[in-house]
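Chemist: Here it is: the structure, laid out below.
The values are calculated or read from the model by the stated rules, or taken from the named source; none is laboratory data. Predicted, not measured: the structure shown is a model, and the values here were computed from it. Virtual Cβ from ideal backbone geometry, glycine too; neighbours counted across all protein chains shown. Heads up: the accessible areas ignore ligands, DNA and RNA and are worked out on the full protein's heavy atoms, side chains in. Shrake-Rupley method; radii C 1.70, N 1.55, O 1.52, S 1.80 Å.
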Amino acid sequence: MAAVAGPAGSRAAPKGTTPSKLAGMDQMKPPPRSRSIYLLPNLFTTAGLFAGFYAIIAAANGDFVNAAIAVFVAAVMDGLDGRVARLTGTSSEFGVQYDSLADLVSFGMAPALVMYHWSLSWLKFDDPVLGRVGWAVAFLYAACAALRLARFNTQVSVVDKRWFVGLASPAAAGLMMSFVWAFADGTLGWDGNQLRYVALGVTLVAALLMVSRIRFWSFKGSGEKGPRADRIPFLALALVPIAIAIMVIDLPRVLFAVGIVYALSGPCYWLWLRTRKTAEPSA
């Protein structure tokens, strides 16, 4: 007598397989991981990308203060996305590449265009050649930001994490946008037209520092191996509330001062090392 067929789509268990073995095999299969958790770090990256895009639109409409603020918002989002990914165990190669592309917009294209619209575009009224120099320097900044990000991606696993080789693109963007913010709000009485040559110098210096071999402190870890690798000096931690208190006084000008000090710290450290190396043989 023919056996009665079971429910449609059912499969017979392999010969010699008992129900207990089948239950054990089901337990060995890892539960499907939720895809929604991978959205969390990429949402921060997207928020930073949106802030950079908004900065470009705001600058085109002449709203330079909000354009500068938007770039700083992008920097905050850029600092959070990687930490969120590590804390939630959702780091991925896709996230790394997406973050790098978003950084190119937020810290490469946006600062260059904000600076151009605010100040460098006024150079064309001095001379047509200077006008071309203005947008060429703005492009140079964007290109150097792209080169800096590409170099970082290829060297991230081989360089000392305590140092950035070249000024990091968020720091360069911070220097540029703090300069715009400090003067665009009208508190100091100078505008982009009056500061067009200073803006040209700031943009050029920021661009060249990004692709330089000068080292800048990254504020990441102590250089030790093992569980102490991510620790930072207590003094650096103690300076955080002091810095916040000072920023409350006059945020745009304080940010500009901090940007100048940090941008100068790398060349000053490089000169100090060169001087010490020169003095050692004579000693």
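Chemist: Which of the residues that make up segment 161-187 are touching a residue at least 12 places away in the same chain (Cβ under 8 Å) and either farther than 30 Å from Arg151 by Cβ or of a type in the set (S, T, N, Q) (or both)?
Modeler: Once the filter is applied, which keeps residues that are touching a residue at least 12 places away in the same chain (Cβ under 8 Å) and either farther than 30 Å from Arg151 by Cβ or of a type in the set (S, T, N, Q) (or both), segment 161-187 yields Ser169, Ser178, Phe183, Ala184, Asp185, Thr187.
Chemist: Among the residues of segment 96-141, write down those that are in contact with a Gly (Cβ under 6 Å, 6 or more places away or on another chain) and closer than 30 Å to Val156 by Cβ.
Modeler: Selection gives Ala102, Val105, Ser106, Ala110.
Chemist: Could you say whether any residue in segment 79-92 is without any contact (Cβ under 8 Å) to a residue 12 or more places away in the chain, open to solvent by 40 Å² or more (accessible area, probe 1.4 Å), in a helix (DSSP H, G or I) and not aliphatic (A, V, I, L, M)?
Modeler: Within segment 79-92, one or more residues are without any contact (Cβ under 8 Å) to a residue 12 or more places away in the chain, open to solvent by 40 Å² or more (accessible area, probe 1.4 Å), in a helix (DSSP H, G or I) and not aliphatic (A, V, I, L, M).
Chemist: Follow-up question, since we're still on this one. Failed condition for Phe152, given (1) open to solvent by 60 Å² or more (accessible area, probe 1.4 Å); (2) closer than 26 Å to Ile249 by Cα, with all others met?
Modeler: (2)
Chemist: Give just the number: which of (1) part of a loop (DSSP other than H, G, I, E, B); (2) open to solvent by less than 10 Å² (accessible area, probe 1.4 Å) does Gly108 not satisfy?
Modeler: Unmet for Gly108, out of (1) part of a loop (DSSP other than H, G, I, E, B); (2) open to solvent by less than 10 Å² (accessible area, probe 1.4 Å): (1).
Chemist: Answer with yes or no whether Arg276 is modelled with pLDDT under 90, of a type in the set (D, E, K, R), part of a helix (DSSP H, G or I) and out of contact with any strand residue (DSSP E or B) (no Cβ under 9 Å at 6 or more places or on another chain).
Modeler: On the way: modelled with pLDDT under 90: yes; of a type in the set (D, E, K, R): yes; part of a helix (DSSP H, G or I): yes; out of contact with any strand residue (DSSP E or B) (no Cβ under 9 Å at 6 or more places or on another chain): yes.
Yes.
Chemist: OK, next. Looking only at segment 117-142, count how many residues are touching a residue at least 40 places away in the same chain (Cβ under 8 Å), within 14 Å of Ala206 (Cβ to Cβ) and among the hydrophobic types (A, V, I, L, M, F, W, C).
Modeler: Residues in segment 117-142 being touching a residue at least 40 places away in the same chain (Cβ under 8 Å), within 14 Å of Ala206 (Cβ to Cβ) and among the hydrophobic types (A, V, I, L, M, F, W, C): 4 in total.
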